[in-house]
Amino acid sequence: LIAHVAPRPAALKPEAWRLTALFAATVAGLVLQPIPGGALVLMAITAASLIGGLTISQALAGYADSTVWLVLLAFFISRALINTGLARRVALFFVRLFGRSSLGICYALGLSDLVLASIIPSNGARSGGVILPIVRSIAELYGSKPGPTAALLGSFLMTGVYQGICITAAMFLTGQASNPMAAQIAAQQGYTITWASWFLAGIAPGLCSLAIAPMLVLRLNPPTIRHTPEAAAFAASELKAMGPLSSQEKILMVVFVSVCGLWATSAWHGLDIAVSAMLGGIALLVTGVLSWEDVKREQAAWDIFIWYGGLLRLGKALNDSGATTLFAQSVGAWFGDVSWPVLLAATLLIYFYAHYGFASITAHILAMYPPFLALLAAKGAPLGLAAYSFACFTNLSAGLTNYGTTPSPMFFAHEYVPLRTWWKVGFFVSLANIAVWSTVGFGWWKLLGIW
């Protein structure tokens with residue numbers, strides 16, 4: 001319909017207009033999901049070589065992008081963390097330290113996810129494989145199960161821990177699978193984001209949000225049980241049952257610290273972060289901590305490789321065609337002579353609460369991040385401020401609903417939390433997150449020289 005019914009802007013070539021239509025259809029497909037996302041993107045890049053002005057080699061070029069391989073290798077490392085039990089050991093360690101109250105459990109699991117988010121780019125893998133089973137076990141330890149006893153402890157933990165997961169996803173380039181895509185889009189506008197720069201940008205507002213969100217959830221969805229010494233004892237007993245660190249865990253810990261260290265210092269040694277991830281993955285394969293069978297069976301990683309590489313290429317082609325810039329100019333004309341600070345505030349709020357209409361962070365980024373970033377750039381806003389604002393707010397907005405990102409239906413499906421409570425908590429925590437990141441965050445970014 002866009003390509004053949006809607007009038008083509010004179011500034012765009014016919015193939016650029018068809019590519020715009022193809023991109024819009026792909027985003028709509030990711031939202032509506034008539035078929036799996038990977039299959040949909042494979043169709044899109046094939047169509048791009050037929051009607052979008054790209055050769056098939058150009059259409060497939062996204063799979064050679066280092067960012068795509070970074071995400072893929074990070075998934076393999078995360079599989080080793082889960083398989084060896086080291087990720088679970090980290091979570092139990094924090095619960096043993098801080099788990100003597102319901103609020104402390106929430107903080108402990110938030111800190112656990114914070115550590116794991118530094119290298120595991122799948123919030124679903126972190127949640128489903130590590131955090132969620134511990135939440136459920138602790139809730140049932142106190143007789144809190146779905147139904148009449150949910151409010152004893154389980155309902156609070158499900159909502160509080162989930163909100164923390166959305167915050168940690170905003171704190172790292174690897175916090176969520178689509179974050180590197182946002183970094184790539186920013187690079188197309190001329191602003192470079194690295195693992196280290198994102199970490200520095202996210203640490204101050206992220207820790208503030210992690211401190212505030214559980215206390216807010218405690219007021220909005222209070223548990224009957226406030227003191228939980230058994231939870232700390234449970235974590236201690238589980239750690240004792242796991243025994244001392246195995247040789248595989250020790251090797252993995254060295255690889256984990258080394259890869260994160262190389263990422264954090266990439267500006268000094270110049271080694272691409274994808275190469276660092278590859279070195280980590282190879283080390284795990286050579287030492288046997290990760291088997292080639294594990295690599296072949298990591299379905300989520302290969303699924304993301306297909307749709308991520310394809311979407312990255314489509315987005316770059318759309319930007320190169322001039323369609324994104326033209327859209328930003330058109331939208332900018334609606335705002336007239338509004339100053340960039342006012343425009344930034346308005347678009348950030350629109351961008352944030354538009355996530356009520358998205359069941360995917362990826363779809364949200366693809367649909368709104370490029371044009372909004374281009375619009376702010378055209379209005380003279382500091383690129384770093386706009387790039388980090390929209391990138392981080394995408395992750396924070398996933399806390400609004402029970403379908404905002406992969407972990408939300410996983411947590412909600414345990415039926416501890418009524419829908420109304422979930423949405424109420426999500427809305428009020430969103431207000432707190434916006435307040436923190438637009439004050440502490442913006443101030444911190446000013447100190448860092450981001451704007």
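Which residues, counting only those in the stretch 77-107, are open to solvent by 30 Å² or more (accessible area, probe 1.4 Å), farther than 19 Å from residue 282 by Cα and either free of Cβ contacts under 8 Å to residues at least 40 places away in the same chain or part of a helix (DSSP H, G or I) (or both)? Within the stretch 77-107, 88, 89, 90, 93, 94, 96, 97, 98, 103, 107 qualify. Examine the stretch 145-153 for a residue that is more than 24 Å from residue 253 (Cα to Cα) and among the charged types (D, E, K, R), and state whether such a residue exists. Within the stretch 145-153, one or more residues are more than 24 Å from residue 253 (Cα to Cα) and among the charged types (D, E, K, R). Per the conditions (1) modelled with pLDDT of 95 or more; (2) in contact with a Phe, Trp or Tyr (Cβ under 6 Å, 6 or more places away or on another chain); (3) aliphatic (A, V, I, L, M), the sole criterion not satisfied by residue 274 is (1). Listed by position, the helices (runs of 4 or more DSSP H) enclosed by the stretch 113-178 that each have at least 1 residues that are under 19 Å from residue 231 (Cβ atoms) are 132-141, 154-169. Counting only residues that are of a type in the set (A, V, I, L, M, F, W, C) and either surrounded by fewer than 22 Cβ atoms within 10 Å (Cβ to Cβ) or free of Cβ contacts under 8 Å to residues at least 60 places away in the same chain (or both), the stretch 41-53 holds 5 of them.
Of the residues making up the stretch 230-256, those that are farther than 30 Å from residue 144 by Cα, among the hydrophobic types (A, V, I, L, M, F, W, C) and surrounded by 16 or more Cβ atoms within 10 Å (Cβ to Cβ) are 251, 252, 253, 255, 256. Exactly one residue among 305, 327 is under 16 Å from the mean Cα position of the chain (by Cα), surrounded by fewer than 23 Cβ atoms within 10 Å (Cβ to Cβ) and not small (Gly, Ala, Ser), and that residue is 305. Here the condition is being under 30 Å from residue 12 (Cβ atoms), within 25 Å of the chain's Cα centre (by Cα) and of a type in the set (S, T, N, Q); of 55, 67, it holds for 67 alone.
Can you pull out every residue in the stretch 410-450 that is open to solvent by less than 20 Å² (accessible area, probe 1.4 Å) and in a helix (DSSP H, G or I)? Residues satisfying the conditions are 411, 422, 425, 426, 429, 430, 433, 436, 437, 441, 445.
In the stretch 336-389, of all residues being of a type in the set (S, T, N, Q) and either assigned to a helix (DSSP H, G or I) or surrounded by fewer than 21 Cβ atoms within 10 Å (Cβ to Cβ) (or both), the one that is farthest from the chain's Cα centre (by Cα) corresponds to 339.
Residue check: residue 30 meets all listed conditions (1) among the aliphatic types (A, V, I, L, M); (2) within 27 Å of the chain's Cα centre (by Cα); (3) in a loop (DSSP other than H, G, I, E, B) but one, namely (3).
The number of residues in the stretch 203-231 that are in contact with a Lys or Arg (Cβ under 7 Å, 6 or more places away or on another chain) and under 15 Å from residue 159 (Cα atoms) comes to 1.
Listed by position, the helices (runs of 4 or more DSSP H) enclosed by the stretch 252-331 that each have at least 3 residues that are closer than 17 Å to residue 76 by Cβ and either among the β-branched types (Val, Ile, Thr) or touching a residue at least 24 places away in the same chain (Cβ under 8 Å) (or both) are 273-287, 299-321. Is at least one residue of the stretch 363-386 without any contact (Cβ under 8 Å) to a residue 12 or more places away in the chain and out of contact with any Phe, Trp or Tyr (no Cβ under 8 Å at 6 or more places or on another chain)? Within the stretch 363-386 (the criterion being without any contact (Cβ under 8 Å) to a residue 12 or more places away in the chain and out of contact with any Phe, Trp or Tyr (no Cβ under 8 Å at 6 or more places or on another chain)), the answer is no, since none of the residues qualifies. Picking from residues in the stretch 145-198 that are among the β-branched types (Val, Ile, Thr) and within 23 Å of residue 448 (Cα to Cα), the one that is most open to solvent (accessible area, probe 1.4 Å) is 192.
The values are calculated or read from the model by the stated rules, or taken from the named source; none is laboratory data. As the structure is a computational prediction, the values presented were derived from the model and not from experiment. A quick note on method: Cβ atoms are made from the backbone with ideal geometry, for glycine too, and the neighbour counts reach across all protein chains shown. Just so you know, the surface numbers come from the protein's heavy atoms only, side chains and all, with ligands and any DNA or RNA stripped out. Shrake-Rupley method; radii C 1.70, N 1.55, O 1.52, S 1.80 Å.
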